1. If you scan the range B:956-981, which residues turn out to be open to solvent by 60 Å² or more (accessible area, probe 1.4 Å) and part of a strand (DSSP E or B)?
2. So, residue B:27, is that one in contact (Cβ under 8 Å) with a residue 40 or more places away in the chain and away from chain A (no Cβ under 14 Å) or not?
3. Show the residue pairs meeting these rules: Cβ distance below 9 Å; 6+ apart or different chains; first residue within the range B:853-870 and closer than 17 Å to residue B:772 by Cβ and not assigned by TED's automatic domain parsing to the domain that holds residue B:949; second residue assigned to a helix (DSSP H, G or I) and not small (Gly, Ala, Ser).
4. How many of the residues in the range B:82-133 are acidic (Asp, Glu) and closer than 13 Å to residue B:56 by Cβ?
5. Filtering the range B:422-461 down to residues that are under 21 Å from residue B:350 (Cα atoms) and of a type in the set (S, T, N, Q), which residue is nearest to the chain's Cα centre (by Cα)?
6. Scan the helices (runs of 4 or more DSSP H) fully inside the range B:469-588 and keep the ones with 1 or more residues being in contact with a helix residue (DSSP H, G or I) (Cβ under 6 Å, 6 or more places away or on another chain) and of a type in the set (Lys, Arg).
7. For the list (1) surrounded by 17 or more Cβ atoms within 10 Å (Cβ to Cβ); (2) free of Cβ contacts under 8 Å to residues at least 60 places away in the same chain; (3) in a helix (DSSP H, G or I), I need the number of the one condition that residue B:208 fails.
Amino acid sequence: MANKVKAIILTGNGTNCEMEMAHACKLAGADRYDIVHLSELLFGEKRLADYNFLNLPGGFLDGDDLGSAKAGANRFLHAPIAGADEMLIEELLKFIAAGGLILGVCNGFQLMVKLGLLPALDQNFTTQSATLTFNDSGRFEDRWVYLRADAQSPCVFTQALDTVYYPVRHGEGKFVAADDATLAEMERKNLIAFRYCTADGSATMDYPANPNGSTQAIAGICNESGRLFGLMPHPEAFLHRTNHPRWTREPLPEEGQGLAIFKNAVAFIRGSNF
Amino acid sequence: MADRIEVGFQESIRDALGEKTKKRIADNLGLPVVDVATIEVYTVAGGLSAGELRRAAEGPLSDPVIQKIAINQPLAKNFDWLIEVGFRPGVTDNVGKTAREAITLLLGDSAGDRKISVYTSRQYLISGPISRTDAENIASGLLANDLIERHQVVSRAEFDFESGMPAHVPQVTDKDDPQVAEINLTRLDAAALLKISQEKLLALNLEEMQAIAAYFADPAVVKARRKFGLDENTTDVELECLAQTWSEHCKHKIFNSRIEYSDGRTKKTINSLFKTYIKGSTAKIRKAKGRKDFCLSVFVDNAGVIKFNDDHNLVFKVETHNSPSALDPYGGALTGIVGVNRDPFGTGLGAKLIFNTDVFCFASPFHKKKLPPRILHPRRIYEGVREGVEHGGNKSGIPTVNGSIVFDERYLGKPLVYCGTAGIMPATINGKPSHTKEIYPGDVIIMTGGRIGKDGIHGATFSSEELHEGSPVTAVQIGDPITQKKMTDFLLKARDRGLYRAITDNGAGGLSSSIGEMATYSGGCDIDLSLAPLKYAGLQPWEILVSEAQERMSLAVDPKKVGKFLELARKMGVEATVLGKFTKSGRFHVRYGEKTVACLDMDFLHDGVPQMKLSARWKAPKHPEPRFAPPANLGRALIAMLSRLNICSKESVVRQYDHEVQGGSVVKPLVGVENDGPSDAGIVRPVLDSMEGVVVAHGICPRLSDLDAYSMTACAIDEAVRNAVAVGVDLDHLAGLDNFCWCDPVKSAKTPDGDYKLAQLVRSNMAIYDYTTAYGVPCISGKDSMKNDYSIGKTKISVPPTLLYSVIGKISDVRKAVTMDAKRPEDLVYLLGETRDELGGSEWFAAHGAIGNKVPQVDAKKAMKLYRALSKAIQAGLVASCHDCSDGGLAVALAETAFAGGLGLTVHLKKVLYRGKKRDDYILFSESASRFVVTVRPQDKAKFEKILAGQAAREIGSVTGDGLLQINGLSGKTVIREKIGRLKDAWQKPLNF
């Protein structure tokens, strides 16, 4: 019997894309798609262990006041769970060890990188080895971008995708690795699941197709297992053709291209051994 | 004792903020700066050990991959000038607050009971051959706002490279010493009463002061007061509470005044503009709609409520935040947006917020003349306001879907910052209608969200005056979107669990206003100000009552549910405090501890303000008629028009606002083949399972006030409605909001032409009545801001009377929506609506330094028929593109349609339905109302023309694939032939910074 897909969309302290992310999980066929406030985890009212697909939505955790998702990552690392003699981070690491999927979008991606969940080359999920910093333009921008998926990537979420079109909406999306070795290793292992590209699919460093000046046009990365994935663009913002900026002038299928990411996650969980 | 943690970028990492600052210095001040680097400084008080400081610095405060840190020593190395900017004591420091929370969490139990606080500042390291005066100019003219921030300028020679800048803690050092001052008003003469009003910034006039004095002289009142330990003296708490409740801002005294109006021919007495024209028109429209009336709650709550469908209601409000934005553009605008968020949020049982709108009126950012005292450069206002709304909207997760920027030199004295927010709520919540409020005596008063400080004291009274020398600094607040977001997350949960009975926001007037208004539902209240959570010590009781500190909601909670409410607040990390209870005593009763500090009869508080009696005299102005020959090169003229500030692209601002969060974006502000054409209206789907959409649009035409505020208003309403029609709104499901921003219309020594300005206001209201009823678009809420003047020394600057008319409506199926970009070659181009030589107040005349006299007339009956026909054609899928003609007229609409679609157009002016002087330039640039440029597929021509039969609709040309805008004049000769790329460049360039 296929596994149940139990998606949790974690919210609170400044997230703001939880509704559309839950909607994406629902459309993709998840059996559960619970929007859970972080305080419910911290008070032990909900447990990560009851889910197998963790969604970290976009937003501004704590206003991104100390740098994007920095204060949010600090909370994940140091917040205890009331009455459970366990820290939140321990629960998160158990979730990863159990094979759960994690998808971080925008601020969720920033959170994953700053916690160390990505790229986590040495399987150390709590040491930061890359970052997402201020766009070269020095400004927040909302614009649609083309992305090319790496066909060789182990990423669960981008399987069978080629070129897609999603919006970015961020001020701190420029990917920077701690060193060249990290970058080379990511490349060797095909962890760079998405790159900014031109409409014809070639990766680009040119603004605005590459909206932030990201190293090697990196838009999204996964870990080696492919189960942890983060990206700056917003797939959950393109679930229906009317989300597309040119839907009134281009023939488009009813379903938006963003849904594929969530469908891949759902299909993977259904077919895997949890 | 405090410690400094400095965080800067590693050598190889790009400092985007530094680069941006360098560019701003070059653009705004023209100074030859070679390099700017930035360093974030955290000043930490609370006695952290060296190890703890290091953990904080290496942990939450820095990014190890790209940053470096230093503790109690400087990072600064190479620079000529160092400028450090930090907040003044008591100013909201959002980053400092987050840092404190992060450090406290990091230390966990080891933090003990140490009181940790963090203050942030930023260093700018500037290299370049500039003088100290230049550096000072950069600091005070660009980087720091001296009202709320302090700055230090240090040269390389002066800098201590060993220990850096000394730690500075901008703490409020006042001690708690609650005092209540009393004053006996009952025996004072007129001069003395007025002096008190002026000195205490009460903004009350003589009649109002006398009404207050008379109340306290009433023996029955005094007798009742004695039971509470009070007498005929007025406490400062009472005086401030009355001044706030009776302020123009809260009471709309001008709108409710009795006006003798004459226009030379007729005279009439108007008993309240608000009741007569605004409420009056809505009542008439609702009656006419009968069973199709969609209004649910109008003019009674913080925002208007209409039906969306059987399951959901829509809530909409637009506010202004002009005076604070003049003093501190960033904080003022940020507070404007997060402030208006709380209006729909505090309406009925509370709504989830679905979009923001913003309309700004500024002087030219390229203003070259000398600035009068206390006025910030318009470029600085532009950038500050833009950034404030960016942070307020984006961080709150609310898409900004519609707006505009209007330029006129008279906004130099006060910019106008309109911010709107809509929300959605289930039609019923726990079995109760969501759009009504009820409060029972005995319900507990709870304040939740942020704490109270001195920020925003006198905001309500201050905005009821012109900007003057003594305008208070404390009137400025800085919003904190994340504190608000946490609070709204919590309250929506509490709402759905039925944990509170009623909710309202704390905006202008603070607790005095929110609890004062809520108490009218039960018939009284009893609160204890000593329970209120404060940001710092030293607030007096009256300050606690009227402080406009942000991010606070007031609630009425069933006593049985208080425990659960407070428990949920605690778990979700939101502060909530019981302040008292609602009663049916008929009194607004305020204590500090056990001592009564205010006790006012509710009737007097809310209904005791005397009605103002004003006179209004209308005399139509006469301007010189411009005399200029039609230009020989109309192509060049069009290019110049496209570059005018009121016409050019606002893309750089739009892009910096998240316009698609929440996932329901349908028609974005930027559309077309390259995602950069100007949309007429916004559409979102608030319920993601459904294809029903919400349409939002607006109209604003302040230049026409120079001719007649009646026409200005008619044109604004028409523009709002036609923008909504252009994208496909259901015309029978459209509601409006009126936001008046006027210059002082009360005749006085300061305002000798007050009766003319008031006549403009009367005429504007008459137009509201005439046109909303004609279109069947009722006002459901609105606001007025009546003192948009600047007056210091001999300089007086008054804004042009400005009405923003916003509309919110429904589209049943968003897949029928239409955008403004031409879609494909061969499509036919139509002009809908009649063009007349109405160039009075037009951009074309303004380009020739003239106003003219012939103002656009709106024929609402004809327009409505046209709009219905067009809507039907859109519903039938026969319209490929539709764009409204507004500033710059037909020529600009054609150019935008063409370049947004990446296509050419060929158009013949001979075919335009036109009445007036036969001039190509007049036809091209007339701003006659109720017109659209529409493109239609050739195969739909017959069906389209059938639906439009009998309307002023003419086929005037076709779409081409050659990328040229070609316009043939009345003579048949080509008068414009321009590449669309060139037109688009001209349109995109001016504000691309």
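The values are calculated or read from the model by the stated rules, or taken from the named source; none is laboratory data. What you are looking at is a predicted structure, and each value in this text was computed from that prediction instead of being measured. Heads up, the Cβs are rebuilt from the backbone with ideal geometry, glycines too, and the neighbour counts pull from every protein chain shown. SASA here: full protein model, heavy atoms, side chains in, ligands and nucleic acids out. Shrake-Rupley method; radii C 1.70, N 1.55, O 1.52, S 1.80 Å.
1. Narrowing the range B:956-981 to residues open to solvent by 60 Å² or more (accessible area, probe 1.4 Å): B:961-962, B:971, B:973-974, B:977, B:979.
Once the filter is applied, which keeps residues that are open to solvent by 60 Å² or more (accessible area, probe 1.4 Å) and part of a strand (DSSP E or B), the range B:956-981 yields B:974, B:977, B:979.
2. no
3. none
4. Narrowing the range B:82-133 to residues acidic (Asp, Glu): B:84, B:93, B:101, B:109, B:113.
Going one step further and asking which of them are closer than 13 Å to residue B:56 by Cβ, we end up with B:101.
Result for the range B:82-133: 1.
5. For the range B:422-461, the residue satisfying everything is B:448.
6. Details: elements: B:481-496, B:510-522, B:541-546, B:562-571.
Hits in the range B:469-588: B:481-496, B:562-571.
7. It fails just one condition, (2).
Residue-wise test of (1) more than 16 Å from the chain's Cα centre (by Cα); (2) within 14 Å of another protein chain (Cβ to nearest Cβ); (3) part of a helix (DSSP H, G or I).
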position	(1), (2), (3)
B:355	no, yes, no
B:364	yes, no, no
B:372	yes, no, no
B:382	no, no, yes
